[in-house]
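Encoded as structure tokens, the structure appears first; notes follow it.
The values are calculated or read from the model by the stated rules, or taken from the named source; none is laboratory data. As the structure is a computational prediction, the values presented were derived from the model and not from experiment. Backbone-built Cβ (ideal geometry, glycine too); neighbour counts: all protein chains shown.
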Amino acid sequence: MTHPLVAAVDIGGTKTAVALVRDGAVLARTQAPTPARDGAAAVLDNVAALVRSLGDAPVAVGVGAPGLVDPSTGLLTAATSSISDWSRVDVPAALRARLGLPGVALNDVQAFTLGEAVHGAGRGLPIVIGVAVGTGIGGGVHVAGTLLTGRRGAAGHLGHIPVPQAVGRPCPCGVTGHVEAVAAGPAIAAAYAEHTGDVIALPEVVRRAHRGDATAARVLAEAGAALGTALAGLANALDPDRIVLGGGAAVPELVAAAEPAFAAACMPVLGAVPLVPAALGGDAPLVGAAEAACRGLGLTSDAGRDGGEAGR
Ligand SMILES: [Zn+2]
């Protein structure tokens, strides 16, 4: 089934990416810095200008954005500090006013999950969990063609699963003991700084581990073990076909440490739930936002069911 051309938007704290997408394939793209300090109206003006700059004629727009989107109202209800004034924003209404297009908005990591579940590493599988490790840890759950958003839009906040490795560690959400507090990129860097006094970012921690720095290797191993433990809890609860792992901080050293902890904590009856890398790279949130736009039009994608390569 061929879907119409839709515009997809991935709003980040530093850059906004926009693409024209059909059936999971990105056909054109552009990006620009997000005017994050100028507030929501400026951010959405920027989105509209980027969509217009791609020409053509999309029939709808899907937006992946930081924050929670309340399923009942479509409003962003919990916002990110990375964009000023980014709360209680009706993104679809704002874009309808600017572009004259129907639209939908969803959490950016839920968009990542939708993209991977329908057109990426989870293609064709009924139960897919997406996990994105970056400055935080987010995720999503896609079951039988439906992305779970939850009562408040918060479904898939995998970073806030308690793990023993994080007991007592403050999490950015305000509670202690969550996996994000030990396994997100900044948390790994912070653990290294605690042990050594050296304040460096995750990529440098990884480089030092490769050069034989035992402390760097240990903090990566401990973070990975915590992540694997959390994902095993999810696997035990949901019995997924596949867990898709992506995000800029999902470095190979972290994933390698997560795998044995994951396998050790999965119930034997599950066997080996595949923990696989994301397939769409940085395009996953765009592809997912486009899929959400199509679903908003009442269209369902059969790309995940036919086993074919339509749109790829
Ligand atoms: Zn938390």
Original post:
For residue 125, all conditions in the list (1) over 15 Å from the mean Cα position of the chain (by Cα); (2) within 15 Å of the ligand (Cβ to nearest atom); (3) assigned to a loop (DSSP other than H, G, I, E, B); (4) in contact (Cβ under 8 Å) with a residue 60 or more places away in the chain hold save one; what is the number of the exception?
Top reply: (2)
Subject >> Within region 163-174, considering residues that are within 11 Å of the ligand (Cβ to nearest atom) and without any contact (Cβ under 8 Å) to a residue 40 or more places away in the chain, the one surrounded by the fewest Cβ atoms within 10 Å (Cβ to Cβ) >> reply: 174
Subject >> Listing of helices (runs of 4 or more DSSP H) fully contained in region 175-220 that carry 1 or more residues being within 16 Å of the ligand (Cβ to nearest atom) >> reply: 180-183, 185-196
Original post:
In region 135-148, what residues are crowded, with 20+ Cβ neighbours inside 10 Å and either within 26 Å of residue 174 (Cβ to Cβ) or not assigned by TED's automatic domain parsing to the domain that holds residue 190 (or both)?
Top reply: 136, 137, 138, 139, 140, 141, 147
Original post:
Before we move on, is residue 230 in a helix (DSSP H, G or I) and within 30 Å of residue 268 (Cβ to Cβ)?
Top reply: yes
Subject >> Failed condition for residue 153, given (1) assigned to a loop (DSSP other than H, G, I, E, B); (2) within 13 Å of the ligand (Cβ to nearest atom) >> reply: (2)
Subject >> Out of 135, 113, sole residue that is in contact (Cβ under 8 Å) with a residue 40 or more places away in the chain, over 25 Å from residue 294 (Cβ atoms) and of a type in the set (Ser, Thr, Tyr) >> reply: 135
